[in-house]
Every structure is written in C-alpha cells, then in structure tokens.
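Remarks on the structure that follows.
The values are calculated or read from the model by the stated rules, or taken from the named source; none is laboratory data. For clarity, every value in this text was computed on a predicted model and none was experimentally measured. All Cβ positions, even for glycine, are placed from backbone atoms using ideal geometry, and neighbour counts span all protein chains on display. Each accessible area value is taken on the protein alone, full model and side chains, heavy atoms only, with ligands, DNA and RNA left out. Shrake-Rupley method; radii C 1.70, N 1.55, O 1.52, S 1.80 Å.
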2 protein chains.
Amino acid sequence: MNDNHSIINKGLRGVTVASTKISDVDGQAGKLIYRGYLVQDLAERTSFEEIAHLLLFEKLPDEKELENFTARLKEARDIPREIIEALKTRPADSLPMDILQASIPMIANHDPDIGNYSLEACQDRAVSLIAKFPGIIAAWERIRSGKNIVPPNVELGHAANFLYMLKGETPDDDAEHFFNVGLVLHAEHSFNASTFAAREVASTRAHMYAAVTAGVGSLSGELHGGANVRVMEMLKRIGSVDKVEDYINRELDAGRVIFGLGHAVYKTDDPRALILAPMAEIMCKKIGESHWYDISKRLEEKTKAAFKQRKRMDIFLNVDFFSASLYYAMGIPTDLFTPVFAISRIAGWTAHVLEEQFAGAAAKPALYRPESDYIGDYCGPEECSFTPMDER
Amino acid sequence: MNDNHSIINKGLRGVTVASTKISDVDGQAGKLIYRGYLVQDLAERTSFEEIAHLLLFEKLPDEKELENFTARLKEARDIPREIIEALKTRPADSLPMDILQASIPMIANHDPDIGNYSLEACQDRAVSLIAKFPGIIAAWERIRSGKNIVPPNVELGHAANFLYMLKGETPDDDAEHFFNVGLVLHAEHSFNASTFAAREVASTRAHMYAAVTAGVGSLSGELHGGANVRVMEMLKRIGSVDKVEDYINRELDAGRVIFGLGHAVYKTDDPRALILAPMAEIMCKKIGESHWYDISKRLEEKTKAAFKQRKRMDIFLNVDFFSASLYYAMGIPTDLFTPVFAISRIAGWTAHVLEEQFAGAAAKPALYRPESDYIGDYCGPEECSFTPMDER
C-alpha cells in the first residue's frame, strides 16, 4: 500500500507530470495559448502551416521560413505506394481511426533512417507525419468508396489540399478558410489524454511513429476525439429545432449527458467553440441545411438554461459542439471527424514528442513509470499457495 | 504554475495512479506476484495458457477450464488472409515491432463486433490478441526471409506452436519448456510503461486493440522492451570470456551502463533472472556456444564487484540479462526478442485493459488527464502580441 491515496483512481487529475513550453490552458479564463500566443489571435489570421511551424520550431515563421517549411511539407505529402497497397487489403467497413493507426508504423517502415535519433531526423519525422496524415485519410475514403485516389495538388495549401484529395475538387474560399481555422484550433491542447499517451511512449525512447500511434489510439476513444461524432449523431437524432427541448428533458431526466457541453478543463465557453460557431452557421446555410446550426444554437441555449434551473450550475460549450455541424456541412463523413481532428493534432503530438525526446529527456530521469496500489487479496494478506492442476 | 512541484519531471515515480488486482511487485523483497501467486511458484509448473487464464479470469483454471480456454485460443490463432497480404507489402527491413504495431489495428478491422463493449466481447478480443500475436511475428519472419508461412499446429500448445510457426519444425522438449517459462515470466509486471500506456488509451474508451497498440509502441523503446536486444548486442561485442573485465572497465570509465543490470524497481536480483539463468546455460551448451552463457556469468560477477568497488553500491540482475542468451540459443533472431516479449506481455496488457474498462471505469471519474506546468515565457509573463506575416 502506498501513502499517496488522495490521487489513486483520479485519472491523474491535478497531478502535474511535466513542464512544457508548448502550450497552456487556462480553463478559468477560457484561454488557450500556443507558445505564447492566444489561440483567438491566431485562429483567423494564420495558416495551419504557420501553426505547425510555431509548435515545432518555437516561432511564427517569417515569409522565407514559411516558404521553406511549406515546400518541405509538400514534398513529404506522397504516401508510399506500398502503403496504398496495404490499405487496399482492408475491409471497407474498417473504422477510419484504426486505418490511420495502422498506417503510422507503416510510414515508419519506409523511413530509411529509422535508427537515427538526431534532432534533425526527428524533426523530419514530424514534418513527414504532418504532411502525410491528410493523404492517408483521403486515400482511405476514396478506397472504401471505390473511387480513384486523388494525388496531392502542389498548388494547394495544407487545408485546401486535404479537401481536394478527399472529394476530388478544389474547395471554395469559405470551405478552405473554415477548414484551415478548424486545423489551427485543434492543433494543440497541452497534456490531454492523447498527447500524454504519445509522450509516455516517447519516454521509453520508442521512435516518433510509435509515440504518435499511441496518440491516435487515445484520440479514438469516445471520451476524447470521438466527441464531435456523438454531437453530430445527437443533432441527427433530434432532427428539428422544435424537438430540442423534449430531447434535453428526456436525456437529463434519464441522467444522460448532452454532448458538446461540459469539459474537464474549461470553466467558461471554450474559446474555440465561439470561433467555430459563425462558421458553422455560414456553411450550414450554404448547403441549404441551416437546421443543423439552428438545432445546435437552440440546444446550447436550452441546455444552459436547464442546467441552471435543475442543477443550479453553469455548463459550457466545448470545441466539439460546433465543429460537428461545420464539418458535416463541409461534406466530411461523420466517421472522419476524429481522423480530421488527428490531421490537426499531429502538429501538437509531434511537438510534444520532440520536447519529450530532447528537453524532456534532459529534465527527467527516465520513462513514465507510475506506481499502483495492489488490492488483490485473493488469499487474504498472504500469498496464495500454488496448487498443481490435478488438485484444483 | 502548479504547487505540486515535487513530482514534476520525475516520470511519475512514486505517484500511485490506480488500484489493481492483477499483480504486485515488491522490489525490496524481490517478489513478483500474479493475482496472489508468487511468480517463482508458477514459472516451472504452469503453462502460459494457465497464466493467461489466471490474469484474465482471476483464477488458475481447473482441467476443464484449461481445456476450454486452450481450445478458444487455438480457434483464434488464424491470421486473416488479408492481413497476411498487407504484411507482404512491407519492406523486408521493417522493424518487427513496427510490423506488430501496424497489425493490431488491422486485427480490429476484422472484428465483426467492434462496437460491442460488453465484458464478453472485450474478453473475446483479449483471447484473440493473445492467440494471434505469435502468428503475426512468425508470419513476418517467414515473409521477410522469403519462406512459406507455416500455419499453426493444433496439436501444439502456445509456446511450442510459436517456435514451430517460426522455424517450421517442432521444438524439442527443452526448447518448448524454456520458451514456455519465458512466456510465463514476462506475462505481467504491474504498471510498467507499456501497461500504463495501454490503460491510458483504454481510459478514453478507445477499444482494446487501440490500447494494446499503444502498449506495443511503448515496449518498443530501448528503455523498456528493447533491453535484452542490447544485452545480446553487448555479449556479441565482448565476444569471449577473457574480454569481460576490459569491457566493463571501458564502459564504466566512459560513464556508460552495463546492459541487463539495474532496474527501477528491484533492489535485489530480479527473481525472473534467477529462473532463466540455468535455462540459458543448458541451451547455450546444447548449441555448442556455451561462451554466451559464460560471458554473461562472468559479466554479472565482475560488474557487481566493480560497482561495489567503484561506487560502494550493489547492482542487480534484471530479467533481460539471461533472456538474451536463452532466446539467442533457441535460434530466435535478435530483432525478434522484443516481439517475443510482446507475445507474452499481451496477456498482462489485455488483463489491465479489461480492469481499466470495467473495474477501473467504476472506480475512476474518467480518462487519465494529468496537468503540466507551462514554462513557455516567450514574451515574458505576458502573452505575445500577434504580428502579421509582413511585419515579422
């Protein structure tokens, strides 16, 4: 038995595991900071490429740096043809997050320098993964739909190129802009479960691919990256604005949650949700399905009121609440919402893996290795005495 | 900044994250306990199948239970042919741990009941993964060597069947017995880094495959599962018994470590190493290469003496020290040592994922989500003010 009982079985809440220079979340004030910058300041004024550069290299790039970095990303976009062949062996109903997860160690298989753990080699891996995630997801969507794979378009930036490879047509300016904002907003969020999983794996000196593969696995959980999928399913179940209040009452009466509200960290509306909301409104209108936005808006208002009335407490929007209808209106299949999250968060994961591999390894004695409290008193306080098979 | 500074950047050492009924490690006394039983009592008297049953179902099986469980494992051994096709797309020089990691989400692709999170469905997944790991590794070894894949042999138990599929011939009694003991001894070790990674991913409600994939990634790190590979490389570098002392002096003078000695947890010789040592001796002799064992033995003795003399401290054997020469003498390629570790540890991982999914979810509020301490003072204590591209 151990004497730090106060934190056992609390999911490490309130336990500070490491120092980081990458990002900060101030849940009380509703602030999310990427390497010194408020995400609200970045969201509509930077490209995902700039953010990836900021996260990996600790600075917003100047024009020349951005040009070089963008060229590096474009060069690294191609998915090795053998990986495409492997994807073609996969059943069409495979979960896309499982497809993505399997693809990452396959990317490792094609790294000619896999044993090289220098900073440059690890940064190259980060660039390669950031560049390739969109191509993996788009290729899988095309393969499972029986369509031809669309090769990347060197004329297009990261956001537009993904939508182009996914659908085979260049997105309009709104779609490109909004998708870019979505990528910027989801790129990094401190020691969330997937980032912690990636750092934990990197701490054993496993390579970056192995670490990121763990991050993808963690993100696939419905308590983490799966949340906006559940928001969209909820919006579909509700179906129309007039059914919102009945739905809320039924769910809360049954002790269930309303998806997209409530967060472990934020004690105010998630700043990212407030940025996404008007974009969701515009996109839903554009496809002639404003009701998804309208349902969301009514749902927000009435859920907040219900919480005040029933529980005398406030509940706040999280980032998933409006990303659901936004992505849906962009024509992204619902089961690709979490992979799209990964297309963005890979920037944060790789930055954290680099920090763990270089700064972290210097600061920390070794790998993450917590203690556990053994409560298996199968034979009382003594050890069990072994019984051979014929006496059991 | 956070007030629990005493544990920041300590790799969670001394932090008790969860309670568990699965195993206990008493590093001071040199005791490893699987669900109440001392591993020393189990090692030479049980099959890996019995241990997997003990870990998953909380009891050593009686004859009937073992018969049923063994039949279940045998039925689940076959690797879907589409996964074999995918493996055939992989470059021959791929790291075997990356091959294994990519294979697990592919196994998920073939789970017809992937959305079912019932206890039975999750236990079925555990059985499937335990049953299939040997076949994945053996198939990959055959594919990369240009040999025909050997289908599983229903007449053989888990240990013998792996060696059979790997080499195409039935192992002799010693090899079968020793390999079984190796599997029993590596099956479980509490909240080590890979098990913690698997539990962390499972805590987001990601499925068991995603969780185990993270465990494999963590195990691939040289600080964790890669250790016996480095022991074997070291034995080869030393080459003969008369060079041991020079080697030790050179390494210690240069501030480097001697692989296979020292452990974060044990303050005595690892009980598992003491069980493996005589087996390594017999196998090395059998293949006419006793020098691997002799080098190991001298290395143990002289390293312990050197630590006493130079540092006035004791250093102890860990499990990797003799598993290296044992596996080598069995003809297992060095780069498969860590996958072989995984073939065993999958029993522990799946038991922990089940505990996290069922007992853990009940005891714990939600997913593992630690805090971090933000030290990114890029613009001093204030937030950075955003500068548009043309002003950077």
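Structure notes:
- Leading residue by the ranking (surrounded by the fewest Cβ atoms within 10 Å (Cβ to Cβ)) among those in the stretch B:207-232 that are touching a helix residue (DSSP H, G or I) at 6+ places or on another chain (Cβ under 7 Å) and more than 19 Å from A:Y209 (Cα to Cα): B:V229
- In the stretch A:210-226, the residues that are at the interface with chain B (Cβ under 7 Å from one of its Cβ atoms) and assigned to a helix (DSSP H, G or I): A:A210, A:A211, A:T213, A:A214, A:G217, A:S218
- Residue satisfying all of: in the stretch B:13-28; free of Cβ contacts under 8 Å to residues at least 60 places away in the same chain and in a loop (DSSP other than H, G, I, E, B); farthest from B:D373 (Cα to Cα) among these: B:G14
- Any hit, the stretch A:111-123, residues being within 15 Å of A:A76 (Cα to Cα) and among the β-branched types (V, I, T): no
- B:E65 being without any contact (Cβ under 8 Å) to a residue 40 or more places away in the chain and part of a helix (DSSP H, G or I): yes
- Filter pass, B:E58 being out of contact with any Ser or Thr (no Cβ under 9 Å at 6 or more places or on another chain) and either farther than 30 Å from A:Y209 by Cα or at pLDDT below 95 (or both): yes
- Selected residue [of a type in the set (D, E, K, R) and open to solvent by less than 10 Å² (accessible area, probe 1.4 Å)] from A:E188, A:E245: A:E188
- Looking across A:D320, A:D314, one residue alone is closer than 23 Å to A:V216 by Cα and either of a type in the set (D, E) or loosely packed, with under 14 Cβ neighbours inside 10 Å (or both). It is A:D320.
- Reported count of residues in the stretch A:29-57, each being farther than 25 Å from A:A131 by Cα and either part of a loop (DSSP other than H, G, I, E, B) or open to solvent by less than 20 Å² (accessible area, probe 1.4 Å) (or both), is 2.
- Residues satisfying the stated conditions in the stretch B:61-83, i.e. more than 9 Å from chain A (Cβ to nearest Cβ), open to solvent by less than 30 Å² (accessible area, probe 1.4 Å) and of a type in the set (A, V, I, L, M, F, W, C): B:F69, B:L73, B:A76
- Number of the exception - A:R369 against (1) crowded, with 22+ Cβ neighbours inside 10 Å; (2) farther than 19 Å from A:L55 by Cβ; (3) in contact (Cβ under 8 Å) with a residue 12 or more places away in the chain; (4) within 11 Å of chain B (Cβ to nearest Cβ): (3)
- Condition met for A:S94 (at the interface with another protein chain (Cβ under 7 Å from one of its Cβ atoms), polar (S, T, N, Q) and closer than 29 Å to B:P381 by Cβ): no
- Residues that are more than 7 Å from chain B (Cβ to nearest Cβ) and acidic (D, E) within the stretch A:2-60 comprise A:D3, A:D26, A:E44, A:E49, A:E50, A:E58, listed in sequence order.
- Enumeration of residues in the stretch B:128-151 that are crowded, with 20+ Cβ neighbours inside 10 Å and out of contact with any Ser or Thr (no Cβ under 7 Å at 6 or more places or on another chain): B:S128, B:A131, B:K132, B:F133, B:P134, B:G135, B:I137, B:A138, B:A139, B:W140, B:E141
- Test: residue in the stretch B:196-203 that is more than 14 Å from chain A (Cβ to nearest Cβ), of a type in the set (A, V, I, L, M) and open to solvent by less than 10 Å² (accessible area, probe 1.4 Å): no
- Failed item in (1) open to solvent by 40 Å² or more (accessible area, probe 1.4 Å); (2) touching a strand residue (DSSP E or B) at 6+ places or on another chain (Cβ under 6 Å); (3) more than 14 Å from chain A (Cβ to nearest Cβ), with B:D269 passing the rest: (1)
- Test result for B:T387, open to solvent by 30 Å² or more (accessible area, probe 1.4 Å), among the β-branched types (V, I, T), out of contact with any Pro (no Cβ under 7 Å at 6 or more places or on another chain) and within 11 Å of chain A (Cβ to nearest Cβ): yes
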